[in-house]
Amino acid sequence: MSQEPSRRIASTPSRLRSLADFYPDGILGATRDGEVTLLNAQGAALLGVDPHEAHGMPLADVLRLLDQDGRTWLGVNRPFESIPIVRGMPEQSWLNASGEEVLTTATLVRDGALGRVVGIAVGLRSGRGRALLDRERSDLVATVAHELRSPLTGVKGFVQALLNRWDKLTDDQRKLMLTTVNADADRLARLIAELLDVARIDTGRLQLYPRESSAEVLVRRVVDSIEAGTARDISLDVEDDLPEVFADPDKFTQVVTNLVENAVRHGQGQVAVRLAAFPELPGVRITVDDEGEGIPVDMRRRVFTKFWTTGESGGSGLGMYIVGGLSRAHGGRVTIEDAPGGGARVMVDWPSEDLRPE
């Protein structure tokens, strides 16, 4: 009986370590004397030590992290010499013995509000996640730069030609160059608008000015405009007695434009646009079919991610992301299926009443 309490106390450190092993990040604890009292499996892996052997070892022998100048974590932070108001250390980047980035945070344990440091708890996390985020940001910047550079190159080239050879060019040649410059400027303005919309969707700051609108009038304008600039055949079928939609006309037009342009750019054959009443919402279902290769089932969710592109048809990769974001902002939804004659079918269900999420 008398040995039972001591057995429980003796098992406490190992039980605590076992619980800490379930934590996704590394955890290291040490006393004021610099003796390691806790190190879970994740922290041991990042530090390259055995978690059982680390217990009781000097902190300097376990927390072997260096900065780019070869200084140690303890030498830089000096936690046991901190002034009384310091409660911890913010996230810092260090290198372990394998040269991998390790991100650390630390909390100082004091024996009173402004007392001396009696212990320290260090959080350890692999820097791979941040490296991946940095690569994604670099890819995003590269994609945006590429999309902006292409029309800018055209604008610069034609303007330079006009300035250098104005007297040698005919009126028809000047008009053609200026028309091309105008088209490239429109492309730049459209890309910038897409980037702004993406930022607003991501941050929840999208401003909508919805009202009851005619889906047929708005969609017909889009189809006529796109059909005038492409050799592809675009058909429009509108069901009788179509209800109105509750939409910001500009955003609704943008959704339909992205859908039809996406079908023209990535699909083949005829592009078929259909408007039909959708009583389940209630509202209007916009269906856009193409005759291309379609979209595999396992890739349909990726279509709505930012900067997703496929094939050699180009594009910013923002169109479908904006379609999904603007549709959801109005209380609608977007689905992708196989078109009956092959190719992809994209359907947008748009409400006739105010169903915007609060």
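Only the coordinates and a few stated rules stand behind these numbers; no lab work does. Keep in mind that this is a model prediction, so the values were computed, not measured. So basically every Cβ, Gly included, is an ideal-geometry build from the backbone, and we count neighbours across all protein chains shown.
Brief remarks follow.
- Simple spin-label estimate for VAL297 and LEU19 gives 4.5 nm between the two label positions (7 Å along the Cα-to-Cβ direction from each Cα).
- Multiplying the residue separation of SER214 and ALA142 by 0.36 nm and subtracting their alpha-carbon distance yields 22.0 nm.
- Kirkwood hydrodynamic radius (C-alpha pairs) into Stokes-Einstein, the range 210-250, 25 °C and 0.890 mPa s, D in µm²/s: 216 µm²/s
- Here the contact order of the chain, divided by its residue count and restricted to Cα pairs under 8 Å and six or more residues apart, works out to 10 percent.
- Taking N as its residue count, the alpha carbon Rg of the range 4-126 over 2.2 N^0.38 Å: 1.06
- Relative contact order (%) - criterion: Cα under 8 Å, at least six apart; region: the range 131-203: 37 percent
- Highest mobility in the GNM of the chain, judged by mean-square fluctuation with C-alpha springs under 10 Å and restricted to PHE304, PHE246, PHE80, is found for PHE80.
- Ranked packing of 271-278, 165-172, 81-88, 113-120, most packed first, by mean Cβ within 10 Å: 271-278, 113-120, 81-88, 165-172
- Length added when fully stretched, THR179-GLU239, from 0.36 nm per residue minus Cα-Cα: 17.9 nm
- Förster radius 22 Å - calculated FRET efficiency between ASP250 and THR305, Cβ distance, rounded to 0.05: 0.40
- Approximating the spin labels as points 7 Å out from Cα along Cα→Cβ, the TRP166-to-LEU355 distance works out to 5.7 nm.
- Where labels lie 7 Å past Cα in the beta-carbon direction, separation of ARG71 and VAL86 in nm: 1.1 nm
- When only alpha carbons are used to place a centre, the range 77-102 and the range 159-221 end up 51 Å from one another.
- Under 15 Å from LYS306, Cα to Cα: aspartates and glutamates that are on another chain or at least 8 residues apart: GLU136, ASP139, GLU147, GLU194, ASP197, ASP202
- Whole-Å semi-axes of the chain's equivalent ellipsoid (Cα gyration tensor): 60, 29, 19
- Computed E for ASP33/ARG130 - FRET, C-beta separation, R0 25 angstrom, nearest 0.05: 0.15
- Convex hull projection area averaged over all views, the range 97-247, Cα basis, nm²: 21.5 nm²
- Rg over Rh [alpha-carbon atoms, Kirkwood Rh] for the range 35-92: 0.99
- Cleavage-rule hits, GluC sites (Glu not before Pro), the range 83-167, DSSP coil, Cβ neighbours within 10 Å at most 15: GLU100
- Counting only lysines at least 8 places from LYS175 when in the same chain, those with an alpha carbon closer than 17 Å to its own are LYS156.
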